[in-house]
Amino acid sequence: MAKMKAVVKTKPVQGAEYLDVDTPKITQDEVLVKVRATSICGTDVHIYKWDPWSQGRIGEKALPQILGHEVAGEVVEVGSTVKKIKVGDYVSAETHIPCKACIQCLTGQEHICANLKILGVDRDGAFAEYIAIPESVCWVNDRAIPPEFASNQEPLGNATYTVLGADYNVAGRTMAIIGDGPIALFAVGVARAVGVTKIFLVGKYDFNMEIGKKLGADHLLYANKDDVDRVKFVKDNTNGFGADIVLEMAGSPQALDEGFKMLRKGGRFSAFGIASESPTLIDYNNGIVFKGSQVHGINGRLMFDTWFRVRNLLASGRLDISPVVTHLYLLSEFAKAFEEMMARPRKSAKIVLFPDKKEYEEARRRRGMR
Ligand SMILES: [Zn+2]
Ligand SMILES: [Zn+2]
């Protein structure tokens with residue numbers, strides 16, 4: 001296996017190429033994983049488009065680079081100092097690679113390490129037959145979780161961490177989730193599974209809102225229609241208080257403004273969406289100070305507290321993410337998959353790619369597709 005197929009960003013323009021490249025050589029503290037499934041993230045779309053963010057974050061000098069970071073696969077080789085991962089293990093990967101030396105790393109906040117390296121951003125990614133992964137971020141999956149779901153644990157981890165917050169105080173509470181992208185949809189499912197009792201989903205696209213409904217949203221509020229006063233609606237349906245918890249997962253000025261208004265006094269505002277402009281205006285006095293709000297910024301997921309919870313939620317069957325996993329493609333069909341991801345109005349949520357045809361066909365059968 002000297003050569004492998006991979007989706008490679010070769011030029012600083014939109015697109016990528018399906019090429020034969022060298023199979024990665026692992027260092028002593030890495031493992032080589034044969035990719036069974038890999039899902040497309042918003043980050044991959046940024047890189048695919050080669051937008052200003054990826055031009056600044058990755059830059060032309062880093063090319064060629066293999067895209068992708070959400071992965072599930074089998075370990076086929078381990079480095080000489082690798083201890084806990086074995087050949088044959090069924091694994092996924094935390095994509096944030098911590099330095100283990102900064103203050104965050106030394107005090108239990110590795111997910112926001114000062115010198116974070118990201119899989120598929122700062123080094124070659126998972127849209128390939130094989131990927132090299134440091135042992136420190138390798139995560140052993142439960143075999144009850146099929147690869148097309150296991151690859152989604154990384155974004156599902158974002159959703160789970162956002163829902164649970166710092167105090168995990170969510171059971172019996174009300175929650176407004178603003179945004180209808182895949183992570184917001186995952187958040188709806190997680191919120192339902194962990195006992196949130198009333199969920200408002202604020203979004204734009206019928207396709208995604210329907211998925212949100214399937215996952216357990218009680219009320220769908222359209223951000224792009226003015227038939228309903230959304231803030232008033234949330235208050236009217238929470239005894240006039242506002243939602244106990246607001247998850248901001250859209251990042252638009254309107255979402256930020258309405259999010260703080262929907263929040264009840266003393267509630268928790270979880271900030272996950274990346275603002276379209278930063279610095280950005282918020283009503284600081286009324287939204288945070290006088291309201292006594294707790295504001296929680298979310299970057300990644302806890303290593304590895306969130307991962308244990310995600311694995312248990314998926315393996316138990318109590319969280320069914322199948323409505324969010326809308327499309328499966330062969331890795332070679334990546335261009336079609338990216339077109340699907342970029343289409344507006346949205347007609348897809350999570351898309352999973354398979355390097356191996358047999359694996360792809362089995363996944364389609366499992367999901368009742370064809
Ligand atoms: Zn991702
Ligand atoms: Zn660090």
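All of the numbers you see were taken from the coordinates with simple rules; none came from a lab. These figures come from a predicted structure and were not determined experimentally. All Cβ positions, glycine included, derive from the backbone under ideal geometry; neighbour counts span all protein chains shown.
Based on the alpha-carbon gyration tensor of the stretch 68-216 and its eigenvalue square roots a ≥ b ≥ c, which shape applies: rounded if a/c is under 1.5, prolate if not and a/b is larger than b/c, or oblate?
The shape class here is prolate.
Hey, can you grab everything whose amide H is under 5 Å from the amide H of Gly267? Only 5+ residues off in sequence or another chain; H modelled, so Pro and N-termini drop out.
Gln294
Given the stretch 1-135, what percent of its DSSP beta bridges are antiparallel, to the nearest 5?
Of the beta bridges lying entirely in the stretch 1-135, close to 95 percent run antiparallel.
Hey, fewest Cβ within 10 Å first, where do Lys265, Lys214 land in order?
By the 10 Å Cβ count, ascending: Lys265, Lys214.
Which value, in Å to one decimal place, does the Kirkwood hydrodynamic radius take for the stretch 7-70 when every pair of different Cα atoms is included?
Averaging 1/r across every pair of different Cα atoms and inverting gives 12.9 Å.
Distances longer than 20 Å among the Cα atoms of the stretch 159-297: what percent of all pairs is that?
38
Which listed residue (Leu116, Gly56, Ile26) has the Cα farthest towards the positive end of the charge dipole for the stretch 1-122, taking +1 on Lys and Arg C-beta and -1 on Asp and Glu C-beta about the Cα centre?
The listed residue farthest towards the positive side: Ile26.
Once you have a ≥ b ≥ c as the square roots of the Cα gyration tensor eigenvalues for the chain, tell me rounded if a/c is under 1.5, and otherwise prolate or oblate according to whether a/b is larger than b/c.
Taking the square roots of the gyration eigenvalues as a ≥ b ≥ c, the chain is prolate.
Quick one: dipole size for the stretch 159-297, taken about the Cα centre, charges +1 on Lys/Arg Cβ and -1 on Asp/Glu Cβ, in debye to the nearest 20.
400
Beyond a 32 Å Cα-Cα separation, which of these cross-linked pairs lie in this structure: Lys9/Lys261; Lys5/Lys86; Lys100/Lys347; Lys34/Lys347?
Where the Cα-Cα span goes over 32 Å, the pairs concerned are Lys9/Lys261; Lys100/Lys347.
On full extension of the chain, what length is gained from Tyr18 through Arg344, given 0.36 nm per residue of separation minus the C-alpha to C-alpha distance?
Fully extending the segment from Tyr18 to Arg344 adds 114.9 nm.
Report the number of Lys pairs in the stretch 174-254 whose alpha-carbons are under 21 Å apart, with separation of 8 or more residues or on distinct chains.
Taking the Cα cut-off of 21 Å, the pair count is 13.
Fully extended, how many nm does the chain gain between Asn285 and Tyr168 (0.36 nm per residue separation, minus their Cα-Cα distance)?
Answer, rounded to one decimal: 39.5 nm.
Roughly how many debye, to the nearest 20, is the charge dipole of the chain about its Cα centre, given +1 on each Lys and Arg Cβ, -1 on each Asp and Glu Cβ, and no other charges?
With Lys and Arg at +1 and Asp and Glu at -1, about 620 debye.
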